[in-house]
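*Asks:* Just passing along the structure, written as structure tokens.
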């Protein structure tokens, strides 16, 4: 029957064997297995996560039948952690599923070292007090933390890690690394070997645009005192020059050259983002530095020396209209330059490792190669401690959000979600839990929310009355659809963090289930 | 809308006893657009169109082209068109049913015409395609070959190409390949 | 197991009830909070889920846990191993079984009280009355064709009054989701109010197709080699036998041919997995994105039914690849849309011949359209061109339009012809709402058509 891997085929096409391997090695701890937690884990179990540990001290109640798919009638009065864990296990028997019947709050208070064993902790439906404690514990042990909350028609997802470095960011649109306006000798030589004025129409319409642009931009530069087209007018003229070289209207290679002509005007050297990374203080390497920063330090040395201001060449080229042999030759020229750059970086890596007293072979060739290929796309994500965000949010941002129509609901929900937690620790229940106390709860919640805003240094009156009463109307309800949405995001972020691919969400995601105008808040 | 749902439920119960409407065929937006294309066809004189499944199936039809000039003068070439329900979002599938010695049509009937694949756009129509096909016979080109041998002969020896085309159309061998008569 | 005992207490829906029973300030129009609302939702709302794949499985679960009780699901596919990473209602031992049946059974086992009727067939196999039965249609599909089909079915129920306003009771709401990798969209379609699928078909980028001569002459990539083996070499070698992408032997053949070709040209990168991907146009899919998009769709379905909150208006895009971005775009409907637009209301005497009708169209005050070709539900009534079709339809000119349209008192026809726009003659395709007067066999529901 099926090969073991074919059930993961559709996701291997996204994150590859390496990503899958990382997932299969990861161990996840889930706090609270209501619908938000259950749905989060469901998506990870299906994807083949290594192990899950479900922590929940509660028993299954009748109300769970109305929003949690991972329990059924037979589960009533049994341990929720046990029931959810059993149903999750059904989804994928290669996952190791465990449960602990204990309240997450108690575990956080009494046994912080417990969390040390996990790759990632996902805290769902946890109140502020416990989150702040858990966040500090995870920081201390360097464990990744995702906080997920569903509440009525709102909710939030927030990641907390000291630092998350990504090499394989897989950006959607990223300019190819073609070096059209500063070709290295081999590329230049190859371009020179091709006659743009060939009389063979087949060759003429199958000369790759890379060659056309390298040659014509040189022609342009020599006629313009060594400068590349830069003004709008010059760029237009450059396109006209390209057009004049066509011998018939259906030459796709020249059309491609005109479309790509802006690439000859791109500035040389590294992007501002990369500049920031190579100048980060972590580049000052010592024996305890992460491999990532060793590689960045090597990259910096390369840029300052062999690279002549450029990062290592990526080495791949996009498909383009071309004779097969021209295309294959071009591929080889780009690939061998990339290989040479890799060897240079490898030497820097070894040198640095030796300098800090580590084994020079400790970083694998494949790792260095992958780093070189993605050197232009590196990403460093850093997250504040949640407590720091609460105590000193970025005031200018808060004020901007409060007055921006697109953000006012999201920031309102942000404040109200915090207010709900305070209300709950004061009164030991959610605001609006009982129909009879709606009015009172609304004004109590308002007082708390206004207080939070005032503490931030903002005007409390900017909060909409309708949103406050809406929050009370929710009364702590956890709707299945909202939980599935929030759980979907939490699991997606978990996958990105564990595979170290793609770019995780930064800031706090605030779900707006009213009109779906959800927002990211950077506080 | 729950109130409407309730009303509808009552209507449904009532309707179950009455005569339902006759089952009706749904028409896709693609069929409608094709209907427009077909009703506005303005074909070259040398071209005829036919609908093997009758007047109400426009999605499958045949076009025969009799070039009025060039190498292929006197031949008749039959093409089948298969139009998808999401036309014109997607180009029709066109195949040449007549075996032909042609640089841009292979022996299986695949046609190398840019607007049938990479350059298809929803603003184009059936008329454009038929004119494009017609053009392939008056102006075969050796730069985008699908039949490599025919293209090479056209490029290197147009006289020989002409002889080969005549031989193929009259029914006979060109190299190892037999072509049934199509004149 | 005794799953058919529904939970006795009212407490089961404690979370959902907070939102359905209590009044609120940020709610949809016609929201009537109260316990009755939840009971009505369970009793009267009937939802069809189209597709039991990645989105469909999620939708069934989400709807069942949102208080919907009457669900049906339609899917023609059987379960495959590669579904198991996201279609969470299926297990390894289910491989080969119909998706719709297994999905319905699993959700009913878990969620007591919900009733799900599975339909293991093509969407085209069901007649229009089948679709007419549902209050909301939820689409979990991966093809433009299928979306377009369901859209035209749903829009066919839509009727307009004499002021060209959509009649509320004829609106068949749809929620539609789609995903690809870490990206997806969710939308709400209220035919006649928000754009239908055809109004915004341009949102779907056309599929990339390589030129055949590139495949034959100048291949450069692994995909070129694969498409050569698949589109050209297969026919050359196998003559009449058609290629079946689900036959592993066929796929293996294409793979090895592609590999040979790649070696011949010095091209790298042909793998079996890539071969499958290119030939079957496989779209990568994961559980999390499907969960997010389906949840948004199901939440909107609940809002349409109950009005307990405002609605998504009307298109949500989600991108989780680079950080996390969601965006709501309010698209506008195309008033001239042939599928959901009102068209032009025309009253005709039931004795009018087609020829006379054509004359009427030429003189019509708002239309004037000359040289019309007409089609009624796939039946060509008259074609101006090409000559062969003109000849085949000419005899209809003398027959009454009412008879030609199957003696239905009111229905839609589509007309292509010449109109004058800014003093220039141009061709146009128009939708006409025909209402017959006079003796129409005593059918008395003329009030629905308006203007009669």
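*Asks:* Would you list the P(r) distribution for the stretch B:57-121, with all Cα-Cα distances sorted into 5 Å bins from 0 and each bin expressed as a whole %?
*Replies:* All Cα pairs considered, the percentages come to 4, 17, 22, 26, 17, 10, 4, 1.
*Asks:* Could you work out the helix-only [θ] at 222 nm for the protein assembly as shown, with each DSSP H run of four or more residues adding -39,500 (n - 2.57) and the total divided by the number of residues, to the nearest 500 deg cm²/dmol?
*Replies:* Rounded to the nearest 500, the figure is -12500 deg cm²/dmol.
*Asks:* For chain C, what is the relative contact order in percent, using Cα pairs closer than 8 Å and at least 6 residues apart in sequence?
*Replies:* In percent, rounded to a whole number, it is 15.
*Asks:* Each label point is 7 Å from the Cα along the Cα-to-Cβ direction; what then is the distance between the points at residue C:93 and residue A:175, in nm?
*Replies:* That separation, rounded to one decimal, is 5.8 nm.
*Asks:* Also: In whole Å, what are the extents of chain A along the principal axes defined by its C-alpha atoms, from largest to smallest?
*Replies:* 88, 52, 51
*Asks:* Here's a follow-up. Give the value in nm², to one decimal: projected area of the alpha carbon convex hull of the stretch A:250-358, averaged over all directions.
*Replies:* Its average projected convex-hull area is 8.3 nm².
*Asks:* Any idea what Rg and Dmax come out to for the protein assembly as shown if you just take the C-alpha atoms, in Å?
*Replies:* So, for the protein assembly as shown, Rg and Dmax equal 33.1, 100 Å respectively.
*Asks:* Right, next: If each Cα of the stretch A:185-265 is one equal point scatterer, what is log10 of I(q)/I(0) from the Debye formula at q = 0.11, 0.17, 0.20, 0.22 Å⁻¹?
*Replies:* Here log10 of I(q) over I(0) equals -0.27, -0.64, -0.88, -1.05.
*Asks:* What percent do you get for the relative contact order of the stretch C:344-449 when only Cα pairs under 8 Å and 6+ apart count?
*Replies:* Result for the stretch C:344-449 is 34 percent.
*Asks:* Rounded to whole Å, give me the distance from the Cα center of the stretch A:455-523 to that of the stretch C:131-194.
*Replies:* First find each Cα centre; the distance between them is then 29 Å.
*Asks:* I've got another one for you. Give the calculated FRET efficiency between residue A:347 and residue B:183 to the nearest 0.05, with a Förster radius of 56 Å applied to their Cβ-Cβ distance.
*Replies:* In this case the efficiency is close to 0.20.
*Asks:* Please say if the stretch C:212-279 is rounded, prolate or oblate, where rounded means a/c under 1.5 for a ≥ b ≥ c the square roots of the C-alpha gyration tensor eigenvalues, and otherwise the choice is prolate for a/b larger than b/c and oblate otherwise?
*Replies:* Oblate, because a/c is 1.5 or more while a/b does not exceed b/c.
*Asks:* Direction-averaged shadow area of the convex hull around the Cα atoms of the stretch B:102-183, nm²?
*Replies:* Result: 5.7 nm².
*Asks:* Rounded to two decimals, what ratio of Rg to Rh does the stretch C:344-449 give with C-alpha atoms and a Kirkwood Rh?
*Replies:* Rg divided by Rh gives 0.97.
*Asks:* Averaged across C:373-385, how many Cβ atoms of other chains sit within 10 Å of each residue's Cβ atom?
*Replies:* Going residue by residue through C:373-385 and averaging, the value is 5.
*Asks:* State the three equivalent ellipsoid semi-axes of chain C, derived from the C-alpha gyration tensor as the square roots of 5 times its eigenvalues, in descending order and whole Å.
*Replies:* 41, 37, 20
*Asks:* On to the next question. With a cut-off of 8 Å between alpha carbons and a minimum separation of six or more residues, what is the relative contact order of the stretch A:185-265 in percent?
*Replies:* 33
*Asks:* Right, something else. Extending each Cα 7 Å along its Cβ direction at residue A:466 and residue B:119, get the distance between those two points in nm, one decimal.
*Replies:* Placing both labels 7 Å beyond Cα along the Cβ direction yields 5.4 nm.
*Asks:* Taking a ≥ b ≥ c as the square roots of the eigenvalues of the Cα gyration tensor of the stretch C:137-296, is the shape rounded (a/c under 1.5), prolate (a/b larger than b/c) or oblate?
*Replies:* prolate
*Asks:* Still on this model: In a solvent-free Debye calculation with one equal scatterer on each Cα, what is log10 I(q)/I(0) for the stretch A:409-460 at q = 0.21, 0.25, 0.26 Å⁻¹, listed in the order of the q values?
*Replies:* One equal scatterer on each Cα of the stretch A:409-460 leads to -0.71, -0.94, -0.99.
*Asks:* Something else now. What FRET efficiency, computed as 1/(1 + (r/R0)^6) with R0 = 45 Å and r the Cβ-Cβ distance, is obtained for residue C:30 and residue A:395, rounded to the nearest 0.05?
*Replies:* 0.60
*Asks:* At what distance in angstrom do the alpha carbon centres of the stretch A:317-354 and the stretch A:93-153 lie from each other?
*Replies:* Taking the Cα centre of the stretch A:93-153 as reference, the centre of the stretch A:317-354 is 45 Å away.
*Asks:* Here's a follow-up. Roughly speaking, what is the centre-to-centre gap between the stretch C:238-312 and the stretch A:159-203 when only Cα atoms are used, to the nearest Å?
*Replies:* Cα centroid to Cα centroid, the span is 29 Å.
*Asks:* Grab the Cα-Cα distance for residue C:133 and residue C:362, subtract it from 0.36 nm times how many residues apart they are, and report the gain in nm with one decimal.
*Replies:* 78.5 nm
*Asks:* Of all the Cα-Cα pairs you can form in the stretch B:27-179, what percent are over 22 Å apart?
*Replies:* 40
*Asks:* Using a Förster distance of 51 Å, how high is the FRET efficiency between residue B:3 and residue A:340, based on the Cβ-Cβ distance and rounded to 0.05?
*Replies:* Computed FRET efficiency for residue B:3 and residue A:340: 0.10.
Every number here is computed from the coordinates shown, using simple stated rules; none is lab data. Computed from a predicted model, the values in this text were never measured in an experiment. Neighbour counts are summed over all protein chains in view; Cβ atoms, including those assigned to glycine, are modelled from backbone coordinates with ideal geometry.
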